[in-house]
Amino acid sequence: MALERTLSIIKPDAVAKNVIGEIYTRFERAGLKIVEAKMIQLDDELAGGFYAEHKERPFYNDLVAFMTSGPVVVSVLEGENAVARHRELMGATNPKEAATGTLRADYAESIDANAVHGSDSAASAEREVAYFFGK
Ligand code: IDP
């Protein structure tokens, strides 16, 4: 299988918890290489644009408020089957449903503050990587 790239965001709750290194270690142990990375403070426009597909959802405003509440670490991960492998490491969106040993089971507090983002398909990954890092 060819190398694939995916977008990771360590969300403000996980940055505040001081677990960037632990999360990166999990990526690296799973064979995912960090090939681009930056810590940034999102504003309403950047966070809102990133989650534009959720604009009509009832949780959209809270999601944008949460994502702008502190710095995030945005990274591009590369590896075989990177999109699926990263989603597996993350666990379910709602940490109550996330499998034991996943990032969300270990570090997320709630469905709103759920520690990490990962692209959900190869097409999303391409769009999301371009959104933060250009082509
Ligand atoms: P994902 O992050 O696991 O891909 P999505 O469905 O794309 O999940 O939702 C994006 C983000 O929106 C989630 O990570 C979560 O922070 C938030 N979210 C999703 N569903 C809900 C909900 O029902 N209530 C509150 N926040 C939600």
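The values are calculated or read from the model by the stated rules, or taken from the named source; none is laboratory data. What you are looking at is a predicted structure, and each value in this text was computed from that prediction instead of being measured. All Cβ positions, even for glycine, are placed from backbone atoms using ideal geometry, and neighbour counts span all protein chains on display. These accessible areas exclude ligands, DNA and RNA; they are computed on the full protein's heavy atoms, side chains included. Shrake-Rupley method; radii C 1.70, N 1.55, O 1.52, S 1.80 Å.
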Taking Lys and Arg as +1 and Asp and Glu as -1, residues besides S75 with C-beta under 13 Å from its C-beta add up to +1
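Taking the Cα centre of the stretch 1-83 as origin, work out the dipole magnitude from +1 charges on Lys and Arg Cβ and -1 charges on Asp and Glu Cβ, in debye rounded to 20. Walk me through the numbers on the way to the answer.
Working: 9 positive and 13 negative charges, 51 e Å.
Dipole about the Cα centre, nearest 20: 240 debye.
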Within the stretch 1-93, GluC sites (Glu not before Pro) in DSSP loop having at most 12 other beta-carbon neighbours inside 10 Å: E56
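So, with a 1.4 angstrom probe, what is the percent of accessible area on the chain that is carbon and sulfur? Present the calculation step by step, with values, prior to reporting the outcome.
On the way: 3490 of 7130 Å².
That fraction is 49 percent.
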Along each of its three principal axes, how wide is the spread of alpha-carbon positions in the stretch 1-64, in whole angstrom units, largest first? 36, 32, 19
Anchor K11: aspartates and glutamates whose Cα lies under 18 Å away (excluding residues fewer than 8 positions away in-chain): E22, E36, D43, D44, E45, D62, E88, D106, E109, D112, D120, E128
Express the accessible area of the stretch 4-56 per residue in Å², computed with a 1.4 Å probe while the remaining protein chains stay in the model. 56
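Would you work out the charge dipole size for the stretch 13-135 about its Cα centre, treating the Cβ of every Lys and Arg as +1 and the Cβ of every Asp and Glu as -1, and quote it to the nearest 20 debye? Could the numbers behind the result be given before it?
Details: 13 positive and 20 negative charges, 59 e Å.
Charge dipole of the stretch 13-135: 280 debye, to the nearest 20.
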With both bridge residues required to lie in the chain, what share of the DSSP beta bridges run antiparallel, to the nearest 5%? 100
Projected area averaged over all directions for the convex hull of the alpha carbon atoms of the chain, nm², comes out at 7.7
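May I ask you to list, by number, the DSSP H helices of the chain whose Cα span along the axis is at least 24 Å and whose average Kyte-Doolittle hydropathy reaches 0.0 or more? Don't skip to the answer; put the middle values down first.
Working: long enough: none.
The qualifying helices: there are none.
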Restricting to Cα pairs under 8 Å and 6 or more apart, the percent relative contact order of the chain works out to 38
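In whole Å and largest first, what semi-axes does the C-alpha gyration tensor of the stretch 54-119 yield when each eigenvalue is scaled by 5 and square-rooted? Walk me through the numbers before you get to the answer.
Values: eigenvalues 87, 46, 27 Å².
One finds semi-axes of 21, 15, 12 Å for the stretch 54-119.
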